[in-house]
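Just so it is clear, none of the values below were taken in a lab; they were calculated from the coordinates. In this text the structure is predicted, and so the values were computed from the model without any measurement. Cβ atoms come from the backbone with ideal geometry, glycine included; neighbour counts cover every protein chain shown.
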Amino acid sequence: MRKGKKLLVVLMLVAISIVATVSLASCNSKEEDKVTLLNLSEVQNLETIQNQGDLTFEWLRNYNSTRPTMILFHGETTSMDRYSLELDSDEYTLYDSVNNETNFVLSKDSDGYDNSALDLDLAYYWLNVAQYNVAIFHWESFTYDDTNSISSKLYTVPKMRYRKEDGEFETDKVPKVALTELATNLYLKEMDGKKINKEIRFVGNGIGSNLALSITNLLDVYNENNLISTEYIPNRLALNDPYLTSENMYLSIDWDKNIDTTNGTLGLYNDMLTKVTDTGTVVEMIEEVTTVASTQDVVDENNETTQKTVYSNDYSYPMDRSTAKTKELFDGITSKLAYLKLSQDYSEKFSDKYIGCHRIALDWYLASVFGSDDEDIGYNIGSENNTNNGGEKNTRPILNDRKATDDLSSTAASYRGKNYGVSAWTPTVYTRALRGIRFSLKKYSSNATSDVHENMRYNYTDYIMNYFRTENYQKSDQTDYTLITGYVYLDSNADGFINDGATNGLGGETIDFEISTKEGKEIAKFSVKTAEDGFYSIKLADKVKDANGDLSTEGYVFNGTGVTMKLTYYITSNKYVYQKTISTGIYYNTIAAQNFSTEKCEFTFNGYYADAITVKNCLIRPEITDEE
């Protein structure tokens, strides 16, 4: 767990007579690579640019400290139009999942929303359903440019330029500081004075994902140097269609020269993600794949020619991912986050101008904050079959493997709809549990065989979204094992939830783990340590069957009379006590709450469901003499 000092605004607004802390580049050459906050009052031309509406934060509603916060860093733009969370009505054909109709647009409803279709104004769902503070960082005049130039501007000054109203580039009256450093300090100034009690989530789009990641990385460096408080570090970072390249960037990152830029933004991402995820920020990444159908002649084994429909895939930023180096770096990136490959073909109807904004994945992610738009998913909170699997305002889960999790036997019905996929709706703690797991779109095609847990295994075919909607048949590559995960976390505000900041996890703590039968016969006993961010993950592999149907000695079976799990965590500091406030309520909320009330947490698997994840968190809090 890291500790930092409270941000001092005076460091950004000091009078000129005080020694100024100008750009990091100017400080690094002579001062042992010392990192300092930027003095915004000395950034050339900043006031003029902000008066024109750029390099500013637009809050869509007055800030409320009781709500979590989402800040959007948009990507490339193809005009000077101001960026919005509203879908372009000229581009989108919406899908009504109830009546199976298109061209259906839902009007706002002050009492909530009807998940039979989507409102074009996606901000409505963030503000009124998910109930977030929402801000957009505007830098349109800097992103109406070619992507390589924008990328360079994030880290260096030589290519700094922005569009003027007449469409020409301004290259003289520009900031003489890299955009990442500038945007980071503008963010700190924007958040100063705002009481932060809930999650901060950065959402990036296209090249804006690169900016959001870089800001998070720089915030970590500032915190390490005791320049800012940890509360400003985002709890969660969503990267939508990030700008990934493999070509040498021919630059260095001033605040951390160890970051690899010789392998393009792939190398940069791989190194920065190591830093920000170790600190505690939870990361997810969605890449849009435009899937185009074509007809080809296929010769069968009888030498007869038939026609077959073949689908070719193009990522938002086409790049050769087959080389050993690019595969190694991409695998490194996805090992640090939850990943979704979003296959669709509806964008084939979009204009080149809209496609040029690279916001197809972003639009889906923004809409996914209210969960699934399919009423066949899970149970409604008000249903007599309610298993508390949904979210606030009756939102429904976006599932991993909906066939398996919605087709369970009655003995496992309590788990129905609790195996989540990647989405803005998915709780942050659960998204952390998905780290290293990749999702793609696949749909049930037929039954296969029963597994060792006596659950049916299914065959799947690739699924392509034909209409813009949130339910998308996600299927993870998590097969033949279950995960037991969770945090050891300092609950500073003692409310029983994991909402005290990204850096409050306790790293290097030991959790003892016992597996036994219900009758008490020991099956396994071992210990694990939490990662630097306080998270632990235990992988329990399935037994396998040989040709005779006999089970292997290694692995586990969760069926029959049940298996008991005992987790034990002993506090190692006399400064803390166990958080005994057990939060109750719907699963969506309590998954981010605490499950240990003493040093032990015990639960039983009476069945096993769909390669699932079980989250058990141990919260501790500062000792309060009057209460103990």
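Place a point 7 Å from the Cα of residue 544 along the Cα-to-Cβ direction; which residues of the stretch 445-470 have their backbone N under 15 Å from it?
Within reach of a label on residue 544, which here means backbone N under 15 Å from a point 7 Å along Cα→Cβ, the stretch 445-470 contributes 452.
Return the FRET efficiency for the residue pair residue 602, residue 328: r is the Cβ-Cβ distance, R0 is 35 Å, and the value is rounded to the nearest 0.05.
The pair residue 602/residue 328 has a calculated efficiency of 0.25.
How much length, in nm to one decimal, is gained on full extension between residue 146 and residue 170, taken as 0.36 nm per residue of separation minus their Cα-Cα distance?
7.2 nm
Give the order of 249, 70, 456, 272 when sorted by the count of other beta carbons within 10 angstrom, beginning with the fewest.
Lowest count first: 456, 249, 272, 70.
Could you give the nm distance between label points at residue 90 and residue 572, where each point is 7 Å from its Cα heading toward the beta carbon?
Taking the two extended label points, one gets 6.1 nm.
Under 19 Å from a point placed 7 Å out from the Cα of residue 258 along the Cα-to-Cβ direction: which residues of the stretch 200-239 have their backbone N that close?
Label zone hits: 214-227.
To the nearest 0.05, what FRET efficiency results for residue 526 and residue 34 with a Förster distance of 56 Å applied to their C-beta separation?
0.80
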